[in-house]
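What follows is a set of notes on a single structure, which appears directly below.
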Amino acid sequence: MSGDSAVARFYDRLAADYHLVYTDWDAGTARQGRALDAVIRAELGPDDASVLDCSCGIGTQAIGLGLCGHRVTGTDLSTTAAARAVREAARRGVPLAAAAADMRRLPFPEGRFDVVVSADNSLPHLLRPQDVRTALAEMRRVLRSGGLLMVSTRPYDEILKTRPVSTPPQVHQSPHGRSVTFQLWDWHADGEHYDLEHFQLVPDGGDWNVQVRRTTYWALTREQLTQYVVAAGFTEPSWTTTENSGFFQPLLTARAA
């Protein structure tokens, strides 16, 4: 991953507070799991699947899919995030094995999984075409023949029309008070990449504890990502909108050839 140590550091620092991005993280986890589960069963049939979440973070999608009965393994570039995912899954009675791994070098044999998931805008952390190609080739390698790829990103086709410079504030209510999360974006001269400053304001004894974390993304369009997926050996690529899938981001699915 381009700047992989910087990306790992971003999520290492964010892991303890990642749930604050959500108004209700448990509800979001269950909702996202149900949406992805519906797609998996529609594509592969009613049986529970073996799933690799190769950018699992603190377990939002992995735990949600586990709650739906799937056998989930998680990997993430951030050791801290992967460790929290395992703890959070155990608290909810969900079996989850997770470890730190780069999605360009997945530590599994060929054909190991029925489904590979990379959700929540993780793939656009890869800033160069060769890195995207390598990651998708690895996802294809660990999928069985006919297996299902699921990738979600921000709706970049719409975003690139206006290139916004910030996101609306997200408020999380807890017994300790309200926390606020928002982002500032600085677009590069190429119009495709942007630097992100992730702000979190957390109540601290009547004052605010302000955390700022920085990372960079590549605003991949649907056409670009579809082309990379096909070149990596997938067939039947299809995009599903949030309205149709119930998932919070546009979802690309494809089958391992």
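Bear in mind these aren't lab numbers, they're just calculated from the coordinates by the rules spelled out. All values reported here derive from a predicted model rather than from experimental measurement. Please note: Cβ atoms are built from the backbone with ideal geometry, for glycine as well, and neighbour counts cover all protein chains shown.
Based on the reciprocal of the average 1/r between different C-alpha atoms, the Kirkwood radius for segment 47-146 equals 13.4 Å. Overall, segment 158-217 carries a charge dipole of about 160 debye about its Cα centre when +1 sits on the Cβ of Lys and Arg and -1 on the Cβ of Asp and Glu, all other atoms neutral. Sequence-ordered 3J(HN,Hα) estimates for segment 201-217 from the Karplus curve with 6.51, -1.76 and 1.60 and θ = phi - 60° stand at 10, 10, x, 8, x, x, 10, 10, 9, 9, 10, 10, 10, 10, 7, 10, 10 Hz, glycine and proline given as x.
Each of Glu243, Glu223, Glu192 has some number of other Cβ atoms within 10 Å of its Cβ, and from fewest to most they run Glu243, Glu223, Glu192. What does the charge count near Ala81 come to, summing +1 for each Lys or Arg and -1 for each Asp or Glu among other residues with Cβ under 12 Å from its Cβ? Neighbour charge sum, excluding Ala81 itself: -2. Computed about the Cα centre, the dipole magnitude for the chain is approximately 400 debye when only Lys and Arg (+1) and Asp and Glu (-1) carry charge, each at its Cβ. Arranged from fewest to most other beta-carbon atoms within 10 Å of their beta carbon, Trp218, Trp25 become Trp25, Trp218. Enter the Cα centre distance for the pair segment 124-173 and segment 1-61, rounded to the nearest angstrom. First find each Cα centre; the distance between them is then 12 Å.
The chain gives an Rg/Rh value of 0.95, both radii derived from C-alpha positions and Rh following Kirkwood. To one decimal place, what Kirkwood hydrodynamic radius in Å is obtained for segment 1-91 from all pairs of distinct Cα atoms? Final number for the Kirkwood radius of segment 1-91 is 13.5 Å. Label sites at Val180 and Leu160, each approximated as a point 7 angstrom past Cα along Cα to Cβ, lie 3.3 nm apart. Under 5 Å from the amide H of Ser55 lie the amide H atoms of Thr75, Ala119, each residue being 5 or more positions distant or on a separate chain, with H modelled from the backbone and absent for Pro and chain starts. Within segment 107-257, the ratio Rg/Rh, alpha carbon atoms throughout and Rh by Kirkwood, equals 1.05.
Considering only Cα atoms, the convex hull volume of segment 158-217 works out to 83 Å³ per residue.
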